[in-house]
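Have a look at this one.
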Amino acid sequence: MRVYLVGGAVRDRLLGRAVSERDWVVVGASPAELERAGYIPVGRDFPVFLHPKTKEEHALARLERKTGPGYRGFTTEFSPTVTLEDDLRRRDLTINAMAEDAAGRIIDPYGGQRDLDARVLRHVSEAFAEDPVRILRVARFAARYATRGFRVADETLALMRQMVADGEAAALVAERVWTETEKALGEERPDVFIQVLRDCGALAVVYPEIDALFGVPQPEKWHPEIDTGVHQLLSLRAAVKLGGSVAVRFAVLMHDLGKALTPAEVLPSHHGHEDAGVAQVEKLCARLRVPNHLRELAIITARYHTHVHRALELRADTTLKTLESCDALRRPDRFADFLLACEADARGRTGLETRDYPQRDYFTRVRDAAAAVQMTAPERTGLSGEQIGLELRRRRIAAIEAIKAAFP
């Protein structure tokens, strides 16, 4: 029995990145032998075991054969005769198909180190085409390593296009699409994830609402980049620079979906795109089973982002209605994320990336002022609930007007 460190741990060590988890492949052993050695079986579809002490995953070297569409359409073969090279060949990218033995020697049968040096994401073999999840994974790795100069190899992108044409992308299940998207949103360049999916044609399959934005014009006065899809990617980059969480980045990606529905005869104007976008966000989130807290932030961003852009023009009562509609008084943290998404939208425009955005500070101040308004018990005496509500509203509007009058 021989044990090898494989995959991401080897890749990241060679790149000088921190190694967060380690995976191992076991060659020349059977499941029974591992169990006798104290390993704990946990794999459902193929033999994966937890090390008795470290609890790190150890998988038996295996072969896979395509039997049907999608990522579940495989049969797995494992035996002591399967070699390390056999196991590495079934992996997605050459940079993930390296191993390290107990002495620290690198085993690299498919040129992973060469491609690390060349900053290329290249598939290991034609077996890549058998698993559509790999389309998403390549796009995610491109998002992770874009700042290091990595690109998808031409032949790999061509293979991904062929997979889309063959219907493999259509076989992707919602759970896997969302899992890979959520991971990609946390990378340094999530916009590259979207761009790679578009380059290979998969975006139109898994995210048709986003794909439909490319080529849709906007007024050049407000959007020098003009193209709505390009604006989405620029806004996503801005969200990263502003330190936005995955929830904020998702909201930014969703904020203008309604613009794809604007009738051609009124372009480049997009009056009413906010409400139209909410329905698109709800449909997308339902299809992919997006977690509720991300869905809720995306919805209020789609519906109310233009309110924030026009913050200094709004009447105090309209400002208060916006705060109430966003549940800002009770959920200040989510409202702060919403304002961050609005700022990313404002900065996601060619040549306007560094312009001032006082609206975020203004809405933060008016929220805090409105939330601070209270009525003492004596002040509530003799008043009905409706009267108390009206008086609180009057005081909050006054507090907002005071902030507005003093705001620079």
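Kindly flag which residue pairs out of Lys183/Lys321; Lys183/Lys283; Lys241/Lys321; Lys221/Lys259 have an alpha-carbon separation exceeding 24 Å in this structure.
Lys183/Lys321; Lys241/Lys321
Ok, one more. If packing is taken as the mean number of other Cβ atoms within 10 Å per residue, what is the order of 108-116, 229-237, 46-54, highest first?
Packing order, densest peptide first, comes out as 229-237, 108-116, 46-54.
Write down Rg/Rh for region 1-118, rounded to two decimals, with Rg from the C-alpha atoms and Rh from the Kirkwood relation over Cα pairs.
For region 1-118, the value is 0.97.
How large is the dipole of the chain about the Cα centre if only Lys and Arg carry +1 and Asp and Glu carry -1, each at its Cβ, rounded to the nearest 20 debye?
800
To continue, here is another question. Let me see the P(r) profile for the chain: every Cα-Cα distance counted, bins of 10 Å, each bin given as a percent of all pairs.
4, 19, 24, 20, 14, 10, 6, 2, 0
Can you tell me which of 18-26, 86-94, 141-149 comes out highest on packing, and rank the rest after it, using the mean Cβ neighbours within 10 Å?
Sorting 18-26, 86-94, 141-149 by mean packing, highest first, produces 86-94, 141-149, 18-26.
Right, here's the next one. Taking the Cβ of Ile107 as the center, what net charge do the other residues with Cβ under 10 Å away carry, scoring Lys and Arg +1 and Asp and Glu -1?
-3
Sticking with this structure for a sec: Taking a virtual spin label 7 Å from the Cα of Thr350 along the C-beta vector, which residues in region 183-224 bring their backbone nitrogen under 11 Å of it?
220, 223-224
Okay, next question. For a quick protection proxy, order the peptides 95-102, 167-174 by their average other-Cβ count within 10 Å, most packed first.
Packing order, densest peptide first, comes out as 95-102, 167-174.
Right, another one. Within a Cβ distance under 13 Å of Asp227, other residues only, what is the Lys/Arg minus Asp/Glu net charge?
-1
Could you work out the relative contact order of the chain? I mean the mean sequence separation of Cα pairs under 8 Å and 6+ apart, divided by the number of residues, in percent.
Computed over the chain, the figure is 10 percent.
By how many nm would the segment from Glu155 to Ser79 grow when fully extended, if each residue of separation counts as 0.36 nm and the alpha-carbon distance is taken off?
24.1 nm
Taking region 181-254 as the region of interest, what is the percent of Cα-Cα pairs per 10 angstrom bin, listed from the shortest bin to the one with the maximum distance?
Histogramming region 181-254 at 10 Å steps yields 20, 52, 26, 1 percent.
How long is the gain from Glu379 to Arg365 if the chain were fully straight, where each residue apart is worth 0.36 nm and the alpha carbon distance is subtracted?
That works out to 2.5 nm of additional length.
Values in this text are rule-based calculations from the coordinates and carry no lab data. If you're wondering where the values come from, they're calculated on a predicted model, not measured in any experiment. Here Cβ is always computed from backbone atoms with ideal geometry, including for glycine, and neighbour counts include all displayed protein chains.
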